[in-house]
1. If you go through region 8-30, how many residues are in a strand (DSSP E or B), of a type outside the set (A, V, I, L, M) and farther than 17 Å from THR74 by Cβ?
2. Report, by residue number, each residue of region 31-49 that is buried (at least 16 other Cβ atoms within 10 Å of the Cβ) and either assigned to a strand (DSSP E or B) or among the β-branched types (Val, Ile, Thr) (or both).
Amino acid sequence: MQDTTNVLQGTIKVLKEGFGFLKVEWNDDVFFHANNLENIDFNELNEGDTLEFEIWEGKNGKSQAVNVNIVEVTTAE
């Protein structure tokens with residue numbers, strides 16, 4: 001059974017069409033998909049925003065962020 005009590009944080013490093021990668025201090029970059037976003041639209045995200053998430057093993061056996069929520073928004077100058 002998946003432990004859902006471990007909410008983690010990371011910063012958006014790269015955004016592509018419908019997915020992105022989060023920079024985290026404790027591991028390699030973490031993949032996230034637009035379908036796993038909660039309470040925010042993918043088009044509202046910017047590189048540098050801080051997100052909170054849980055880690056689950058994807059269908060391909062690699063870790064990915066799920067239940068992704070915005071924590072802090074960066075402002076473009």
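Any read-out appearing in this document is the output of simple, stated calculations on the displayed coordinates, not a laboratory observation. For clarity, every value in this text was computed on a predicted model and none was experimentally measured. No Cβ is skipped: glycine too gets one built from the backbone with ideal geometry, and neighbour counts run over all protein chains shown.
1. To start, the set of residues in region 8-30 that are in a strand (DSSP E or B) comprises 8-16, 19-23, 30.
Next, from what is left, pick out any that are of a type outside the set (A, V, I, L, M): 9-11, 13, 16, 19-21, 23.
Subsequent filtering for residues that are farther than 17 Å from THR74 by Cβ retains 16, 19.
The number of residues fulfilling the criteria is 2.
2. PHE31, PHE32, LEU37, listed by residue number.
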